[in-house]
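Following: one structure in structure tokens, then a few remarks.
Coordinate-derived values only; no laboratory data. Because the structure is predicted, anything quoted here is derived from the model rather than measured. Positions of Cβ are backbone-derived with ideal geometry, glycine not excepted, and every protein chain shown enters the neighbour counts.
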Amino acid sequence: MEHRGPFVVHTAADAYTRDLRDPALVPMLGVDESRLAALANLMGAPSGRKDPDVSGTLVVVPAGSATTAVGRALADRLDASFVTLSTGGLGRILDARREDTQVVFVALHDEIDLDVVTESLEAVSAYRQGGRHATIGFVLGPDLSELSWLLAKGLSCHLRKPPERSRLTVVPWLRQHAAASRIPASDGADAAPEWVIGDRASRAVLEPMLSERYTGLVSFASAGREHALILNDTVVCGDHAGHRGPSAHGSAAPSCAFSDRCFRDGVRSRDVIKAARVQADIVFANSCMAWRPGTGLVAAEYQLAGAFQYGIPAAYIGAVHQMLPNLTVNDLVGTATAAGTDAGRICAAINDHLRETGRELPYFAVLGLPWVTAGGGCESPSTPDAGPGADAHDGVRDVKPQLLQLGRTVRALREFGPTGFMPPDGIVAMETEILELARTLKRTVLGADPAEKVLGPLRRLGSLIADAELTAVADFHEFGKMSHSALNEMWEGILDTRVRPIDDACPYCAGRLAELVARHPLYEQVGRRALICNVCGPIVDFPLDPVIDEVRIECPSVWKRPGTVTVDVLMTPAASVSRKIVAAGAVHTSGAANFGMSFPDAQRIAIRPGSPARMRVDATLSAEAFTHHAHFVRWVAVAGGLVHYASRPVAVAPAA
């Protein structure tokens, strides 16, 4: 047993839980000397922070959890309630309560998954919507030692000395921001929130600011992955222990696990900023997939949240899902932190804001105790099969339905531009043929026999449409092989979006899905509907009235290099499809051209009413194919003039 200040380090779990009950002690279990020393060095002169308000605490553990004894001891320490999670989840537990509640959810990584987290967030939200106050903090870890470290930081945060800086906000994509007013902090910290934006969001500028200077709140708004926040010339990385290969069998790992290369082009693994070295009370990551409980797209030991937990921050707030960062949220967090608001209330306010706007899922979560506050600050708060399959010899009476179908296709192609896609070629020529067909049909009403006159323009129109669809898919295909952007990134900046969780499960990981519906503000018929998995990202992205109703990409989840991988795309036509349609489609992985992978060109696909269709391609991986956990297999097709898209994640690893 080792003492240092209020901290006591134990090697036995029973001794740890005994001392956890004592409010005068801050125990840990098996924490190493260097981290203990770093935390003890933050203890100092009174900082003006108030003792935390722990009233209404409810400690929750999963049934049969290895953390049960820890949870009970924590509840005894705080004179709080203790419950075991049972059927019905947290919602059922909260339904039996009437008072304001601070939930502390205690579990190991292998005892909780993303669905439990999102269901718990929704239960807390429902409780709040009923007019009662509720917050939640998740105290998680791969083992009891790391869990005890997180608890110790939260239980002692109010004893820390004043930070050298109250706030630091990092926004790589922002080019200018109004200068903050410099207001002296009551505890001596520099209360003017410092912004690092644009080109300054580099390793040379940020590494010393993050790892050498103690800050109350560090706030990021950036692109990201489960294991990294993306800056200008580097990343803030979750690989805090220099792992080589994932520990869990079958789980994926970032490229640095197999090489000296970061997933970010041009960055070596030695040039990243380690998240575990960030000196802060609270870290807020307004970034995609920044908070995951245990293994997700990468193994648990590479997760960004786990790396911040390994370091000094007492609480970490991040999004558990794929999303787009909105700077308004960072402003909200900064204002609330300056007013002394704790992490649980800040996170609840973020989720309330997102729920009201409806543009993102309200899935931000706190890793740590919900009553943790940040120190400092006093600011105020063309082939024969390519055509439409027209059989003019069946009589003119069959031509008009085909013409209507072709007209809908041309209209859909014209809507590429308003949706945010590159407009296809040949629209003027198509409309010329439609005009001629309309005139011919008009003469039919006057008693003429136009069967032979209809056949020519009908075939020409079908050929023009087929060529335009194939060219459009080829363009999407070439762009996708060079880019990491998903299709929804092309239209989310144009269309009005609304997102909501739904009950359907992801076909690839069985995780929960959200539905993202988007409509054009001026053209009400223009819109998209995407299904987003919190783990796998956008799995389908369809028009509002699709020709293809369901798509599933079948392939191995881990691709071995060098070699060939077969990808099958299974398509189910929509019920509205009443005649054969010839679509164009292609398959690629994101950024394939840069990563040593090649795919066939776009091809034609026959879609028949009531009959599933299959598209098969072989991907070729060179010996230099990039080992990466987050390649996304993407299928894109244009059918009936409408863009259909599907995606799933895969990993690339060296052959055994």
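Here are the numbers for the structure shown:
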read-out	value
Total lysine pairs under 20 Å (Cα atoms) in the chain, excluding pairs fewer than 8 apart on one chain	9
Interchain or long-range residues, amide H under 5 Å from Thr589's placed H	Arg634
The chain: calculated mean residue ellipticity at 222 nm from DSSP helix runs of at least 4, using -39500 (n - 2.57)	-8500 deg cm²/dmol
Local electrostatic count at Ala468 - Lys and Arg +1, Asp and Glu -1, tallied over other residues with Cβ under 11 Å	-3
Summed side-chain charge close to Arg77 - residues other than Arg77 whose Cβ falls under 12 Å, Lys, Arg +1, Asp, Glu -1	-1
The stretch 7-46: C-alpha gyration tensor shape, a/c 1.5 cut-off, then a/b vs b/c	oblate
Using distinct alpha-carbon pairs, which all enter the 1/r mean, Kirkwood radius of the stretch 1-146 in Å	16.5 Å
Whole-Å distance, taken between Cα centres, linking the stretch 1-71 and the stretch 133-148	12 Å
Normalised per residue, the volume of the convex hull around the Cα set of the chain (Å³)	164 Å³
Taking the convex hull of Cα positions in the stretch 535-654, its mean projected area over all directions (nm²)	7.0 nm²
Cα gyration tensor of the stretch 56-95 - equivalent ellipsoid semi-axes, whole Å, descending	17, 14, 4
Point-charge dipole on Cβ atoms (K/R +1, D/E -1) for the stretch 71-177, about Cα centre, debye to 20	700 debye
Cα gyration tensor shape of the stretch 481-606, rounded if a/c is under 1.5, else prolate or oblate by comparing a/b with b/c	prolate
